[in-house]
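A.B. asks: Here it is, the structure, as structure tokens.
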Amino acid sequence: MRFAEQWSWCTVDAICDVTPTIREFRLRPENGHVVPYPAGSHISVTVLIDGQPARRSYSLVENSDAGTYRIAVRLAPDSRGGSRGMWKLKAGARIETSNPTSLLEIDWTRKNYCLIAGGIGITPITGIAAALRRRNIDAPLHYAVKSHGDAAYLDELTALLGDQLTVHASDRGARLNLDATFHALPRDAIAVICGPMRMLEAARRAWNDAGRAPADLRFETFGSSGLMPTAEFRVRLKDTGTELVVPQNSSMLDALNGAGFEVISDCQRGECGVCAVDIVAVEGEIDHRDVFFSDQQKRENRKICPCVSRAIGVVTIDTLYRAEAF
């Protein structure tokens, strides 16, 4: 979490492409110490975007090398530039990283689990699948991808899970049926899912329709995934006369803090809601990319998580920041 983060330097130890659009990086801490971390953890890195340092988070892939961190980055044309910055790195480069953090709270005492991954969302799921296998727990993994060639770590997962792994590749006509999957689970099952926003929203609806406890659906998010293209938009600050431009490669939170309108934040992944600010007016459309607010709250458009959510057009907000109070 933000206020407990410790940063240190790593060297890019090795780079390899696991699919045409997914590149793996092994990062070796320069102090020689890999901090122990629970399955499903992620690290933040400082990457250069258009010559400026920016923070991005990447999930840790299951790793048999105790001396390195292992992450994978999908080259995403419609993103804020983090993937392009990472793909420019070469072996031997130095990169600043945070200590690992996990926001996935999993009840390891349960006996029944279902794992679901969409695209690059497989990265944290690899560690969770391996942790369950070490506990001698069989957990089916449903892996949804656009094409079979997009399925990263397929050989490793097949060796680990065998027939517990099901790949749903759209190019082969195999689509994941969340309703059927959830209805077939034992009543005490926990589902752990990581994928794009559309998948998470569909999973929450299917999970609720199946009459299951909301707390038994655990999820990991992509900070950059949304329902609309990532584009420049504008933010007006209530009662200040200030209008800020949020560029494609920056978040609203970064723009606000950079302009002196301090907004407290924590996870910066759209999961905790700490940074939420009030929406006063919208001239365009809001792209809610968080998983903190309910579908109903998103439709009401009363609050927004500026760490991940964006807009098309202009949004007027009230951060409750008042300079005269300091």
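The values are calculated or read from the model by the stated rules, or taken from the named source; none is laboratory data. The shown structure was predicted, so the numbers you read here are calculated from the model rather than taken from an experiment. Counting neighbours? That spans all protein chains shown, and the Cβs are built from the backbone with ideal geometry, glycine included.
A.B. asks: Only one of these is in contact with a Lys or Arg (Cβ under 7 Å, 6 or more places away or on another chain), β-branched (Val, Ile, Thr) and within 23 Å of residue 226 (Cβ to Cβ): 61, 47. Name it.
C.D. replies: Values: 61 fails: within 23 Å of residue 226 (Cβ to Cβ).
Exactly one of 61, 47 is in contact with a Lys or Arg (Cβ under 7 Å, 6 or more places away or on another chain), β-branched (Val, Ile, Thr) and within 23 Å of residue 226 (Cβ to Cβ), namely 47.
A.B. asks: Within the range 74-115, track down each residue that is without any contact (Cβ under 8 Å) to a residue 60 or more places away in the chain and either surrounded by fewer than 19 Cβ atoms within 10 Å (Cβ to Cβ) or among the acidic types (Asp, Glu) (or both).
C.D. replies: Filtering the range 74-115 for residues without any contact (Cβ under 8 Å) to a residue 60 or more places away in the chain gives 74-75, 77, 83-85, 88, 108-109.
Listed by number, the residues that qualify are 75, 77, 84, 88, 108, 109.
A.B. asks: Can you name the residue in the range 271-305 that is free of Cβ contacts under 8 Å to residues at least 60 places away in the same chain and under 12 Å from residue 233 (Cβ atoms) and is also nearest to the chain's Cα centre (by Cα) among such residues?
C.D. replies: Within the range 271-305, the match that is nearest to the chain's Cα centre (by Cα) is 304.
A.B. asks: Same structure again: Quick test of your reading of the structure: residue 200 fulfils all but one of (1) within 23 Å of residue 287 (Cα to Cα); (2) loosely packed, with under 13 Cβ neighbours inside 10 Å. Name the failing condition by number.
C.D. replies: All conditions pass for residue 200, except number (2).
A.B. asks: Using the structure shown, decide if residue 280 is touching a helix residue (DSSP H, G or I) at 6+ places or on another chain (Cβ under 7 Å) and more than 28 Å from residue 50 (Cβ to Cβ).
C.D. replies: Numbers: touching a helix residue (DSSP H, G or I) at 6+ places or on another chain (Cβ under 7 Å): no; more than 28 Å from residue 50 (Cβ to Cβ): yes.
In short, no.
A.B. asks: Residue 188: more than 17 Å from residue 125 (Cβ to Cβ), modelled with pLDDT of 95 or more and surrounded by fewer than 20 Cβ atoms within 10 Å (Cβ to Cβ), yes or no?
C.D. replies: Numbers: more than 17 Å from residue 125 (Cβ to Cβ): yes; modelled with pLDDT of 95 or more: no; surrounded by fewer than 20 Cβ atoms within 10 Å (Cβ to Cβ): yes.
For residue 188, the condition - more than 17 Å from residue 125 (Cβ to Cβ), modelled with pLDDT of 95 or more and surrounded by fewer than 20 Cβ atoms within 10 Å (Cβ to Cβ) - is not met.
A.B. asks: What strands (runs of 3 or more DSSP E) lie completely within the range 80-155 and have 2 or more residues being under 15 Å from the mean Cα position of the chain (by Cα)?
C.D. replies: Numbers: elements: 94-98, 113-118, 141-145.
Because the criterion is at least 2 residues that are under 15 Å from the mean Cα position of the chain (by Cα), the strands (runs of 3 or more DSSP E) in the range 80-155 that meet it are 113-118.
A.B. asks: Next question, about the same structure. Among 291, 235, which is buried (at least 17 other Cβ atoms within 10 Å of the Cβ), among the aliphatic types (A, V, I, L, M) and in a loop (DSSP other than H, G, I, E, B)? Give the derivation first.
C.D. replies: Numbers: 235 fails: in a loop (DSSP other than H, G, I, E, B).
Just one listed residue meets the conditions, 291.
A.B. asks: Can you find a residue in the range 25-45 that is assigned to a strand (DSSP E or B) and hydroxyl-bearing (Ser, Thr, Tyr)?
C.D. replies: Just the residues of the range 25-45 that are assigned to a strand (DSSP E or B), to begin with: 25-29, 42-45.
Next, only the ones that are hydroxyl-bearing (Ser, Thr, Tyr) stay: 44.
The answer is yes, given that some residue of the range 25-45 is assigned to a strand (DSSP E or B) and hydroxyl-bearing (Ser, Thr, Tyr).
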